[in-house]
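Take a look at the structure below.
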Amino acid sequence: MKAFLFLLFIFNCSEHEAQNIDYQILKNISKRRSPSDNGFNHFISNTAPYVTVGTPILMYGIGLIEKDEALQKKSLEIGVSVAATVVEAYALKYIVKRPRPYVTYPDLNALDTEGSPSFPSGHTSGAFALATSLSLNYPKWYVVVPSVAFAGFTGYSRMYLGVHYPSDVLAGAVLGSGTAWLTWKVNKAWQKRLSKKK
């Protein structure tokens, strides 16, 4: 969370400089677009919220069916981290009120539009919250690698489509990862306290 606050401070202090770097990166990305990449990035961007929200719900459902209390508890922790991240991200959007890249720079030719402000990226923050929660609860390569890849592709797709600046995506990644880590730590401390009472 400290890292995110520092990033927000830097963003506010040197907004013009950050905007120039952000613009140059987005301009370079837009020059490399291709029809096949357009479809892939639209797919990732459009499905990311469903994967982010649906994963803990699916896990909880499986836990109920199989009467697996450990899975139910982990799915609740993951769900809380994702929900908290989404609330934080959307609160920050309307506090910062940063215009979308295609509003400030129409020459970027965005491939999509959004109704909310730009900073931070909600898609990216949710994806990184999910990836971090899954990785902390299931620290196996076959969980960590796909989870982090999903989050990374989500963040990149938002820049590729021209709906977010790189700094929006970076802030979303820090916010999502930090919230998930904090949720995991609090849950561990809570479970330890409960076990001592028993």
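The values are calculated or read from the model by the stated rules, or taken from the named source; none is laboratory data. As the structure is a prediction and not an experimental result, all values here were calculated from the model. For neighbour counting, all protein chains shown are included, and Cβ atoms are generated from backbone atoms with ideal geometry for every residue, glycine included.
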Exercise. Being touching a residue at least 60 places away in the same chain (Cβ under 8 Å) and touching a Gly at 6+ places or on another chain (Cβ under 7 Å) is the filter here, so list the residues in segment 85-99 that pass it.
Key: THR85, ALA89
Quiz prompt | Scope segment 129-178; condition of a type in the set (D, E, K, R) and assigned to a helix (DSSP H, G or I); matching residues | solution = ARG158, ASP168
Quiz item: Before we move on, is TYR102 in contact (Cβ under 8 Å) with a residue 12 or more places away in the chain, in contact with a Leu (Cβ under 6 Å, 6 or more places away or on another chain) and not in a loop (DSSP other than H, G, I, E, B)?
Solution: yes
Exercise. Report, by residue number, each residue of segment 46-80 that is surrounded by 13 or more Cβ atoms within 10 Å (Cβ to Cβ) and within 16 Å of GLN191 (Cα to Cα).
Key: LEU71, GLN72, LYS73, LYS74, SER75, LEU76, GLU77, ILE78, VAL80
Quiz item: Taking the condition among the small types (Gly, Ala, Ser), in a helix (DSSP H, G or I) and crowded, with 24+ Cβ neighbours inside 10 Å, does ALA91 pass?
Solution: no
Quiz item: Which is closer than 27 Å to LEU182 by Cβ, at pLDDT 95 or above and either touching a Phe, Trp or Tyr at 6+ places or on another chain (Cβ under 9 Å) or of a type in the set (Phe, Trp, Tyr) (or both), of ILE44, ILE62?
Solution: ILE44
Quiz prompt | segment 48-97, subset of a type in the set (Ser, Thr, Tyr) and within 13 Å of the chain's Cα centre (by Cα), residue farthest from VAL174 (Cα to Cα) | solution = TYR50
